[in-house]
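Here is the structure we will look at.
Every number in this text was worked out from the coordinates using simple rules, so none of it is lab data. All figures in this text were calculated on a predicted structure; none of them were measured in a lab. Methodologically, a virtual Cβ is constructed for each residue, glycine included, from the backbone with ideal geometry; neighbour enumeration extends over all protein chains shown.
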């Protein structure tokens, strides 16, 4: 091999090591992180929140880029403020058989000040593609990400609950907050 090619190979190897060294995997802190869903019925709306969701991100804090994200939440940790309603919700989604909702990104696409996050969401034993819009805020020693996406109950084979023989809307609206420590 020519000496020039050796130097080029070494340079490329060093660059790839440096690029990998800039990324790190971070896990969200429970304080401030949450997942909330909004369920709509013509007679009322129900909002339930879990503060026990774990988000993981692979990111480059220097370049302020996020390469991938994942999440897991135990469905029994969602609280609407009404234990009877929450118990019924756990029956409807068969929480004993399917206790976790998981998400793994397949793409994180920058769009001006937002991100388009595409991935696979598993809920009620069914995995579907979902797309969320996320807004990252890089503040001092933490990254705070706000995201939102709709979820179709029927797409995940969940029978829509009814009140007075009127079913809830098919779409749950999720809002997420992930707080990642960077130090």
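Taking all Cα pairs closer than 8 Å and separated by 6 or more residues, the relative contact order of segment 97-165 comes to 22 percent. Considering the chain as a Gaussian network with a 10 Å cut-off on Cα pairs, which listed residue, 169, 118, 29, attains the greatest mean-square fluctuation? Result: 169 has the largest fluctuation of those listed.
Calculated [222 nm] ellipticity per residue, helices only, for the chain: -5500 deg cm²/dmol; basis is -39500 (n - 2.57) per DSSP H run with n ≥ 4, divided by all residues, nearest 500.
Paramagnetic label reach from residue 131 (point 7 Å along Cα→Cβ; backbone nitrogen cut-off under 13 Å): within segment 141-183, residues 149-150.
Across segment 120-171, the fraction of Cα-Cα pairs farther apart than 12 Å, rounded to a whole number, is 72%.
With the simple spin-label model, which puts each label point 7 Å out from Cα in the Cβ direction, the residue 67 to residue 52 separation comes to 3.2 nm.
When the alpha carbon coordinates of segment 34-136 are projected onto the principal axes, the ranges are 47, 29, 22 Å, largest first. Can you match Rg/Rh (Cα atoms, Kirkwood Rh) to one of these, (i) 0.95; (ii) 0.98; (iii) 1.12, based on a calculation from the structure here? Looking at Rg/Rh (Cα atoms, Kirkwood Rh) for this model, the match is (iii). One decimal place: the segment residue 90-residue 41 gains 15.9 nm when fully extended, by the rule 0.36 nm per residue minus the C-alpha distance. Across the chain, the relative contact order, built from alpha-carbon pairs under 8 Å that are at least six residues apart, equals 21 percent.
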